[in-house]
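In what follows, a single structure is set out as structure tokens and then discussed.
The values are calculated or read from the model by the stated rules, or taken from the named source; none is laboratory data. All figures in this text were calculated on a predicted structure; none of them were measured in a lab. Cβ placement follows ideal geometry from the backbone for every residue including glycine, while neighbour counts extend to all protein chains displayed. These accessible areas exclude ligands, DNA and RNA; they are computed on the full protein's heavy atoms, side chains included. Shrake-Rupley method; radii C 1.70, N 1.55, O 1.52, S 1.80 Å.
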Amino acid sequence: FINALMGDDIVLTKTVGKAATGAVLEIFFDVPQTEQRQAIVNYRDEKNILGLIDDFIQRYKLNNLAITSLDLHFVNQLLTIEPEQKITEAEARTNFERLRETLADIVLQYINNKNSDLRPNFSLDNPRDIRELKELTDEHSDINAKNSSTRKIGLIQTVTYHLHRVDNNTNLQTLRLPKNVCLVDLPGLDGSALHNIIITEGIKEADAVIYIKRQRRIDTDRDMDLLRIDRKYICLVGI
């Protein structure tokens, strides 16, 4: 859908299998035709990760979790932390464990890549760069394999595409937005704790949110739990 809007095949897609892109995609049409298109990857820093953990602490009242530094000792603390008030409902317990494991995974990725050169710039006029960017943002690619030292998917905060402005005199039937307007594509609702983190962050920053719902789709309890959490950021229109 996003590729069709842009008139180009630069965003990762899959015809079968699990959801593909595990990152926020920000799309600007702000590049003149004479300049190269590019994508800029913004990675999570320590402050952002600590903010995610603080939200986790506040949500589950984990007053016994002390944030010292993002190291392997803290990863082990995260993986074993329990709320002071026991979670008895099965679905709520599962949501807690999935979020706990995801945050520990993000911290581990941060540790593994802390001293690495995380590549920020990709040319969208270079096929090799496009392939590498798609692999980087594919949460099921080889480099993002679980427990791999090359895994970076949880560190990607946003991928910002700077694309050519479309001349209104052309016959291209693609999306046309003012250069100061950003279209943001968020991952789908699939119950993934990482997706839920990304969706909540995106909704907090958005001026407007479009929720595309196919008629045959049935929202799961996890989907509805996420929507309840994010409801405070949304003024519902058109329901």
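So, TYR60, is that one farther than 30 Å from ASN180 by Cα, among the hydroxyl-bearing types (Ser, Thr, Tyr) and either over 21 Å from the mean Cα position of the chain (by Cα) or surrounded by fewer than 17 Cβ atoms within 10 Å (Cβ to Cβ) (or both) or not?
yes
Considering only residues that are aliphatic (A, V, I, L, M) and closer than 13 Å to HIS140 by Cβ, look in region 1-22 and name the one that is modelled with the lowest pLDDT.
So in region 1-22, the residues aliphatic (A, V, I, L, M) come out as 2, 4-6, 10-12, 16, 19-20.
This time we only want the ones that are closer than 13 Å to HIS140 by Cβ, so: 12, 16, 19-20.
Details: LEU12: 76, VAL16: 62, ALA19: 59, ALA20: 64.
Checking each candidate, the answer is ALA19.
I want to confirm something. Restricting to region 113-142 and keeping residues that are in a helix (DSSP H, G or I) and crowded, with 16+ Cβ neighbours inside 10 Å, which single residue is farthest from the chain's Cα centre (by Cα)?
Among residues in region 113-142 that are in a helix (DSSP H, G or I) and crowded, with 16+ Cβ neighbours inside 10 Å, the one farthest from the chain's Cα centre (by Cα) is ASP129.
For region 169-191, check the following and say yes or no: at least one residue is modelled with pLDDT under 85, within 28 Å of LEU133 (Cβ to Cβ) and either in a helix (DSSP H, G or I) or among the small types (Gly, Ala, Ser) (or both).
The answer is yes, given that some residue of region 169-191 is modelled with pLDDT under 85, within 28 Å of LEU133 (Cβ to Cβ) and either in a helix (DSSP H, G or I) or among the small types (Gly, Ala, Ser) (or both).
For region 143-161, what are the residues that are open to solvent by less than 50 Å² (accessible area, probe 1.4 Å) and among the charged types (D, E, K, R)?
Correct list: ARG151, LYS152.
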